[in-house]
Amino acid sequence: MKIFCIGRNYAKHAEELGNSVPTKPLVFMKPPTAALRDNKPFYYPEFSEDLHYEVEVVLKICKNGKHIQPAFADAYFQEIGLGIDFTARDVQARCKEKGHPWEIAKGFDHSAVVGKFLPKEDLVMNDIGFHLKKNSETVQEGNTRDLIFDFNTLICYISKIFTLQKGDYIYTGTPAGVGPVVRGDVLTGFIGTEQMFDCEVK
Ligand code: MG
C-alpha cells in the first residue's frame with residue numbers, strides 16, 4: 001500500500017507557514033512503514049526537536065485505478081478516516097532551505113497515524129467537520145468545505161501519475177493550527193463528535 005499526502009490544501013494553513021496557495025495539488029508520499037494504527041503510542045524521534053501534529057481527513061482507496069476521470073473518482077473510496085501527518089518541522093525547514101526532498105521530515109516510521117474509518121454514506125463529503133485535541137484542548141479545527149482541491153480532484157490528479165491501489169491512503173491536507181508536541185501529550189481526533197483515534201506521544 002502507498003500513503004499519499006497533500007500539502008497546503010487549506011488556504012489558512014498555507015498562510016500560517018508562510019507558503020503560497022498552490023495552483024495544483026502538492027503531493028508527497030510516506031512509505032507503508034509510516035502507518036501507525038490501533039491507537040498505538042507514538043515514540044518521539046531522536047532526530048527532531050520540533051515535531052508537529054497535522055490532523056487530516058484520510059481517504060482509503062477501495063479499488064485499483066489509473067487516469068481516473070472526474071465522473072468516476074467518487075467510486076474509488078468508500079470509507080473516510082482521520083489521521084495525523086506527523087512532521088519534523090525543524091528537519092523540514094532545513095530541507096526546504098536547501099531545496100532538498102523532505103521525506104526524512106515526513107516519511108519516518110509511524111509518522112502517519114490513522115484511526116478508524118466511517119462509511120462514506122454517513123458523511124457529506126464537502127462538509128466534514130473535524131478537530132484535534134491535544135490533551136483536553138482543541139488545537140485544530142477544520143471542515144472539508146475549505147479544501148482547495150476536493151477529494152475527487154485529488155483522486156484524478158494523483159491517478160494520472162501513480163496507479164492507485166486498493167488499500168492506499170490519501171491524507172487530504174491539514175487545516176490551520178499545526179503545532180508542536182512533547183512527550184506525554186495525548187492527541188485525540190474527531191469527525192463531528194465521533195472519536196476516530198487517540199495517540200499518546202512517548
Ligand atoms: Mg500534512
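A few comments on the model shown:
- Only one of the listed residues (F108, F162, F151) is over 19 Å from E49 (Cβ atoms), touching a helix residue (DSSP H, G or I) at 6+ places or on another chain (Cβ under 9 Å) and touching a residue at least 60 places away in the same chain (Cβ under 8 Å). That residue is F151.
- Exactly one residue among F72, F28 is within 16 Å of the ligand (Cβ to nearest atom), over 19 Å from V201 (Cβ atoms) and not charged (D, E, K, R), and that residue is F28.
- Unmet criterion (only one of (1) over 18 Å from the mean Cα position of the chain (by Cα); (2) at positive phi; (3) in contact (Cβ under 8 Å) with a residue 24 or more places away in the chain) for G177: (1)
- For the criterion of being among the charged types (D, E, K, R), touching a residue at least 24 places away in the same chain (Cβ under 8 Å) and more than 16 Å from L59 (Cβ to Cβ), E137 fails.
- At least 2 residues being buried (at least 23 other Cβ atoms within 10 Å of the Cβ) is the threshold, and among the strands (runs of 3 or more DSSP E) wholly inside the range 53-144 those reaching it are 55-61, 77-85, 112-119, 137-143.
- Qualifying residue in the range 79-89 (condition: aromatic (F, W, Y), modelled with pLDDT under 95, within 16 Å of the ligand (Cβ to nearest atom) and farther than 13 Å from P175 by Cα): no
- Single unsatisfied condition, V57 versus (1) under 15 Å from the mean Cα position of the chain (by Cα); (2) more than 15 Å from the ligand (Cβ to nearest atom): (2)
- Within the range 155-177, the set of residues being under 21 Å from E16 (Cβ atoms) and open to solvent by less than 10 Å² (accessible area, probe 1.4 Å) comprises Y171, T172, G173, T174, P175.
- Matching residues, the range 29-48, being acidic (D, E) and at positive phi: D38
- Residues of the range 1-28 that turn out to be open to solvent by less than 50 Å² (accessible area, probe 1.4 Å), within 17 Å of the chain's Cα centre (by Cα) and not hydrophobic (A, V, I, L, M, F, W, C), as a count: 7
The values are calculated or read from the model by the stated rules, or taken from the named source; none is laboratory data. A quick note: this is a predicted structure, and the numbers were derived from the prediction, not measured. Every residue, glycine as well, gets a Cβ built from its backbone with ideal geometry; the counts of neighbours run over all protein chains shown. Surface areas here come from the heavy atoms of the whole protein model, side chains and all, with no ligands, DNA or RNA. Shrake-Rupley method; radii C 1.70, N 1.55, O 1.52, S 1.80 Å.
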